[in-house]
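Values quoted throughout were computed directly from the atomic coordinates according to the rules given, and no laboratory measurement underlies them. Just so you know, these numbers come straight off a predicted model, no measurement behind them. Using ideal geometry, Cβ is built from the backbone for each residue, glycine included, and neighbour counts are taken over all protein chains shown.
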Amino acid sequence: MKKSVLDFTKDELSQIVKPSFRAKQLYHWIYQKYANSFEEMKNIPKDIKEQLSDNYILNPLEIVKIEESSDGSKKYLFRLTDGFTIESVLLPMKKEKVDEDGKIIHLSKYSICVSSQVGCKIGCAFCLTAKEGFKRDLTPGEIIAQVLEIKKDNDIAQNRRVNIVYMGMGEPLDNINNLAKAIEIFKDPEGLAIGARRQTISTSGLSAQIEKLGKMNLGVLLAISLHAVDDELREKLMPINRAYNIESVINAVRSFPIDARKRVMFEYLVMKGLNDDIKSAKKLVKLLSGIRAKVNLIYFNPYPNSPFQRPSQKDMFEFKEYLNNHSVLCTIRQSKGLDISAACGQLYSSQP
Ligand code: SF4
């Protein structure tokens, strides 16, 4: 199977197309002009275009289906070249605002939630992706292409920054090398120019990989899916806790390089009667002491036959207040895309 040119950094491309300034031109066509084929790259000589199309493909994904939520989020189902499918979600974070004279006050802001694997090995009890089992890792190009295709499809210009959250299908740190390469390619100022601080890696808490990522010093942000404050419950929700318990995750976070202006995000999926009480909130405060943390409380979104239930608004609010009153920054995240199963833990590459 042919590789995609999106799998390569600019330096690597300059080894493939000579002279090396051609790599810059190629990058320009791909990431700034959103070219859909090698043929349309006008200033690239014919022999190089032939060399490229004989040996590589440009786009490793095709859009199979787009579902739009009433809140404006869009879920994309993509088919990969080997027929597997993955999902990604465009999340509008802020709408464009214009004043009375039609002048734009601020532009709309977007986050794109991308997948890192086809399926997942981690097997979290609350997650639909887990039900599918693990098929394979995504290549760097397949990670890049999700953002590129969504930007193209929504006419989001190259210079309009987007945030990336690695929170779709798969455990990103279980595919750490391809992920790290994708992060570098995203960062390239001559490519999509998405800085490290606009990229958040959300992990189920693979402590050893968190330490490895920290040593890579990529400058990315970290989000930990914690969900429980005692090992017994966390093991039931996330079997990975048997290998990496809460203490090891927190220790790994303490050694992770965090920008002084940023915080580590702790995702806490709240399930009625399981982890929504003040006792859990107290334990959470203790666990996070000394960490520049922000806790995101997420309502559990029941799916057909799910064994867990959505907590009450009152319990969520009291939990949040307790944390905020005890010096732990905490917000309740409104899961976007609920009506199209695009919310946290609901991505599943169901065929159209
Ligand atoms: S929640 Fe994330 S890590 Fe857990 S099974 Fe689902 S995709 Fe994998």
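Which lysines have a Cα lying under 30 Å from the Cα of LYS215, excluding residues fewer than 8 positions away in the same chain?
The reachable lysines, counting only those whose Cα sits under 30 Å from LYS215, are LYS3, LYS10, LYS24, LYS121, LYS135, LYS181, LYS187, LYS262, LYS283, LYS286, LYS294.
Which aspartates and glutamates does LYS18 reach when only Cα atoms under 12 Å apart count, and residues fewer than 8 places away in its own chain are ignored?
Straight-line reach from LYS18, under 12 Å: ASP47.
Give me the Kirkwood hydrodynamic radius of the chain, using the inverse of the mean 1/r over all pairs of distinct Cα atoms, in Å to one decimal.
Taking the inverse mean of 1/r over all distinct Cα pairs, the chain comes out at 21.3 Å.
In the stretch 219-265, what is the volume of the convex hull around the alpha carbon atoms, normalised per residue and reported in Å³?
76
Can you pull the three principal axis extents for the Cα set of the stretch 17-119, in Å, largest first?
52, 41, 19 Å, listed from the longest principal axis down.
What number, rounded to the nearest 500 deg cm²/dmol, is the helix-based mean residue ellipticity at 222 nm of the chain, given -39500 (n - 2.57) per DSSP H run of at least four residues and division by all its residues?
That comes out to -8000 deg cm²/dmol.
Measuring from the lowest to the highest alpha carbon on each principal axis, how far does the stretch 77-202 reach, largest first, in angstroms?
53, 32, 26
Return the percentage of antiparallel bridges among DSSP beta bridges fully within the chain, rounded to the nearest 5 %.
45
Can you work out the FRET efficiency for the pair LEU329 and ARG242, with r the C-beta to C-beta distance and R0 = 35 Å, to the nearest 0.05?
On the way: r = 30 Å, r/R0 = 0.86.
It comes out at approximately 0.70.
Under a Cβ-only charge scheme (Lys and Arg +1, Asp and Glu -1), can you give me the dipole magnitude of the stretch 212-280 about the Cα centre, in debye to the nearest 20? Before the final figure, lay out the partial values.
Details: 11 positive and 9 negative charges, 75 e Å.
It works out to roughly 360 debye.
State the Cα centre-to-centre distance between the stretch 1-77 and the stretch 213-238 in whole Å.
34
So how do 70-81, 170-181, 153-164, 231-242 stack up, highest first, on mean other-Cβ count within 10 Å?
Ranked by mean Cβ neighbours within 10 Å, highest first: 170-181, 70-81, 231-242, 153-164.
Taking the alpha-carbon distance from LYS109 and a cut-off under 15 Å, which aspartates and glutamates remain once sequence neighbours fewer than 8 residues away in the same chain are dropped?
ASP71, GLU96, ASP155
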